[in-house]
Amino acid sequence: MAKPILLVMAAGMGSRYGGLKQLDPVGQNGEIIVDYSVFDALRAGFSKVIFIIKEENEADFRAVIGDRMAAHIPVEYAFQRLDDLPEGLAVPEGRVKPWGTGHAVLAARHLVDAPFAAINADDFYGAEAFQKLAEFLGTLSSGETPMPCAMVGYKLENTLTENGYVSRGVCETRDGMLATVVERKRIERRADGPAFTEDGEYWTALPPDATVSMNFWGFPPEFMQDLKRDFRVFLETEAKENPLTAEFFLPFVVNDRVRAGGATVRMLHSNDRWFGVTYKADKPVVVDALRRMAEEGKYPAPLWK
């Protein structure tokens, strides 16, 4: 098969950061987090990057992010639009919320012709993750059944912030394969170790080395057909019950495929530490970590020489 493609889910960047032009640099030479992801993907052998963005952000995105990367790797754009729906269906009246990560990936269906990885734009994943996923995607052949997919898992303790709580998909594995992902929306680093709560009052401990998902997935191109089919089902069921808030999440699609026997998900473990700017107080930690990595020779400075 052709070299793998990197899909970067960035449709929420403008709203989260208050405008693309206000993106905070974390590298010594003005780099932002997604610069490092694309750089690591390029080193791992990915052939191109597809940014999934809002159409109204295209000009700003090209100027702030895409154009400087296009000198080093082919860059394409897909637009996540609320009205990008299966034939015969319409946006519910009053709906303004995006349809979720599964729909974001589906937005790139016309540009994907090879195995692909999907990541968040604002998470730092580390070089090891891209290398392992590129190696996995390079082994895929067309038409395999059940459909072979992969996920990069991280140790929970390597994905926590000191400045509040995080949401993580806690994974159960069997014989190196993903069995289930359970979303825990409030996990904190507490005095006696990581724990989660559902109500803010009662806490349940989690092992520090529990494997969690950071939304770093690998799929064959045929997975787009599963997404397309499942999105229609979602719109005709869950979205009808909660038309203004229901979201089509990528991990839920994968879970359903695994339970139905239609897919397997190889768990690829990364020992790297995840970094992200979930809270303003996280930024100095990320800046310091990336500075140390540059000093150790893991990344050039500036990144895009």
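Every number here is computed from the coordinates shown, using simple stated rules; none is lab data. It should be emphasised that the depicted structure is a prediction, and the values quoted were computed from it without experimental measurement. We place every Cβ from the backbone using ideal geometry, glycine too, and count neighbours over all the protein chains shown.
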Check: What ³J(HN,Hα) values, in whole Hz, does the Karplus curve 6.51 cos²θ - 1.76 cosθ + 1.60 give for the range 146-151 when θ = phi - 60°, with x put for Gly and Pro?
Finding: x, 5, x, 10, 8, 9
Note to self: Rounded, prolate or oblate, given the Cα gyration tensor of the range 80-159, with a/c below 1.5 counting as rounded?
What the structure shows: oblate
Next item on the list: Assuming a ≥ b ≥ c are the square roots of the Cα gyration tensor eigenvalues, decide whether the chain counts as rounded (a/c under 1.5), prolate (otherwise, with a/b larger than b/c) or oblate.
Entry: rounded
Item checked: Debye, to nearest 20: dipole size of the chain, +1 on Lys, Arg Cβ, -1 on Asp, Glu Cβ -> 420 debye
Next item on the list: For the range 118-268, restrict the atom set to alpha-carbon positions and state the Rg and Dmax in Å.
Entry: 16.5, 49
Checklist line | For VAL26, residues with placed amide H under 5 Å, excluding near neighbours | finding: GLU31, ILE32, ILE33
Note to self: Which one, ALA78, GLN225, GLY30, projects farthest toward the positive side of the charge dipole computed for the chain from Cβ point charges (K/R +1, D/E -1)?
What the structure shows: GLY30
Margin query: Going by amide H atoms built from the backbone, whose H comes under 5 Å of the H on ALA179, apart from near neighbours?
Written below: GLU172, THR173, ARG174
Next item on the list: Can you grab the distance from the C-alpha centre of the range 189-204 to the C-alpha centre of the range 1-74, Å, no decimals?
Entry: 34 Å
Notebook entry, point to check: Considering only GLY276, TRP304, LEU290, whose Cα is most displaced toward the positive end of the charge dipole of the range 264-305, charges sitting on Cβ of Lys, Arg (+1) and Asp, Glu (-1)?
Noted result: TRP304
Margin query: I need the calculated FRET efficiency for the pair GLU76 and LYS3, taking r as the beta carbon distance and R₀ as 22 Å, to the nearest 0.05.
Written below: 0.95
Checklist line | Cα Rg, Dmax, the range 220-271, angstrom units | finding: 13.0, 41
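Rounded to the nearest 20 debye, what is the charge dipole size of the range 101-148 about its Cα centre when +1 sits on each Lys and Arg Cβ and -1 on each Asp and Glu Cβ?
140 debye
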Notebook entry, point to check: Over the range 1-84, one equal point on each Cα, no solvent: what is log10 I(q)/I(0) by the Debye formula at q = 0.10, 0.20, 0.22, 0.25 Å⁻¹?
Noted result: -0.24, -0.94, -1.11, -1.36
Check: Where nothing but the Cβ of Lys and Arg (+1) and of Asp and Glu (-1) is charged, how large is the charge dipole of the range 144-290 around its Cα centre, in debye to the nearest 20?
Finding: 220 debye
Margin query: Counting other beta carbons within 10 Å of each residue's own, what order do TYR165, TYR202 fall into, fewest first?
Written below: TYR202, TYR165
